[in-house]
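J.: Take a look at the following structure, please.
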Amino acid sequence: MSEHGIRDFLTAKRKAAERFGVVDGAVLPRNTEIEEALAEYQRLFGGNKHTQTLASQRSAALSAMQMLAEFEPRLVGSVLAGTATEHNDIQLHLFAERAESITFRLLDLGIEHEVVERRVRYGADRVVAYPGVHFEFDDHTVDATVFPVDGIREAPVSPVDGKPMRRIDADELEVLLDVEDAPLAQ
């Protein structure tokens, strides 16, 4: 996932199973185990490059969130988790009465974007399609899903552990960036 930019756990599992000749899916690792291994791999082999890439992504995420503040943006996904590579997009959740409000805001700012559809899982049996926008910002790709205003109260489930997805606002991201920038105490 780290080296080839694979973003989907199932795809990564299938590719690894095929590569190693595994036919019994029961022996494949859980998504949480994969995420832990990915974090460990990046800690061991990513070094400064991973740290700099992640800091750049988080900084760009903060700027994008501040630019779209009226839509109560939340950072989610691998950039938040700290497992993002240069292949990963910055994932945001935005909240608006009308998704068009966000596209109009991006147009006003002169930011080219693509309107997309995102399927979001709320449990084993509930998947909902929401509009989204995909755009370039500060040399990074932002993939934002647009939820209704009351969607801020119910987070979709994480593809990693099936629990409600972790989401943080711009203030929390600023604190995270400040902590990462602080020199280590001796």
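J.: Would you mind working out the accessible area per residue for segment 45-137, using a 1.4 Å probe, and quoting it in Å²?
T.: Working: 4790 Å² over 93 residues.
With all protein chains present, segment 45-137 gives 51 Å² per residue.
J.: Just going by the charge dipole of the chain, with Lys and Arg at +1 and Asp and Glu at -1 on Cβ, which of 51, 159, 93 is farthest out on the positive end?
T.: 159
J.: Considering the options 147, 134, 107, tell which one lies farthest towards the positive end of the dipole of segment 107-153, charges being +1 on Lys and Arg and -1 on Asp and Glu at the Cβ, about the Cα centre.
T.: Result: 147, furthest along the dipole toward the positive end.
J.: Roll a 1.4 angstrom probe over the protein heavy atoms and tell me the percent of accessible area of segment 26-75 that is carbon or sulfur. Intermediate results must be reported in sequence, preceding the final value.
T.: Numbers: 1470 of 2790 Å².
Exposed carbon and sulfur together represent 53 percent of the surface.
J.: Right, here's the next one. Go ahead and run the numbers for FRET between residue 63 and residue 125, Cβ-Cβ distance against an R0 of 30 Å, rounding to 0.05.
T.: 0.20
J.: Report residue 49's accessible area, 1.4 Å probe, all protein chains in place, as a number in Å² to the nearest 10.
T.: Surface accessible to solvent at residue 49 totals approximately 130 Å².
J.: Counting only other residues whose beta carbon sits under 14 Å from that of residue 33, what net charge do I get with K and R as +1, D and E as -1?
T.: Taking every Cβ under 14 Å from that of residue 33, the sum is -2.
J.: Can you give the % of DSSP beta bridges in the chain that are antiparallel, to the nearest 5? Intermediate results must be reported in sequence, preceding the final value.
T.: Working: 21 of 27 bridges.
Here the antiparallel bridges make up roughly 80 percent for the chain.
J.: Turning to a different aspect of this structure: In segment 88-147, carbon and sulfur make up what percent of the accessible area (probe 1.4 Å)?
T.: Numbers: 1400 of 3360 Å².
About 42 percent, which is the carbon plus sulfur part of the accessible surface.
J.: Please list 126, 105 from largest to smallest accessible area, probe radius 1.4 Å, with all protein chains kept in place. Don't skip to the end; give the middle numbers.
T.: Values: 126 105, 105 70 Å².
Ranking 126, 105 by accessible area, largest first, yields 126, 105.
J.: Taking springs between alpha-carbon atoms closer than 10 angstrom, which of 131, 29, 164 fluctuates most in the Gaussian network model of the chain?
T.: Ranking 131, 29, 164 by mean-square fluctuation puts 29 first.
J.: Okay, next question. From the helices alone, meaning DSSP H stretches of at least four residues, give me the mean residue ellipticity at 222 nm for the chain, per-run term -39500 (n - 2.57), in deg cm²/dmol to the nearest 500.
T.: Working: 6 runs with 69 residues, N = 186.
Result for the chain: -11500 deg cm²/dmol, rounded to the nearest 500.
J.: Another question about this same structure. Here are labelled values, [x] 52, 50, 28; [y] 45, 37, 34; [z] 50, 34, 33, and one is the computed Cα extents along the principal axes in Å for what I pasted. Which one?
T.: Checked against the structure: label [x].
J.: Starting from the Cα of residue 13, draw a straight line to each of the aspartates and glutamates and keep only those under 14 Å, dropping any in the same chain fewer than 8 residues away.
T.: Counting by Cα, and skipping residues close in sequence, residue 13 has these aspartates and glutamates nearby: 24, 33, 35.
The values are calculated or read from the model by the stated rules, or taken from the named source; none is laboratory data. Every value quoted in this text rests on a predicted model; they were computed, and no experiment measured them. Note that each Cβ is placed from the backbone with ideal geometry, even for glycine, and that neighbours are counted across all protein chains shown. These accessible areas exclude ligands, DNA and RNA; they are computed on the full protein's heavy atoms, side chains included. Shrake-Rupley method; radii C 1.70, N 1.55, O 1.52, S 1.80 Å.
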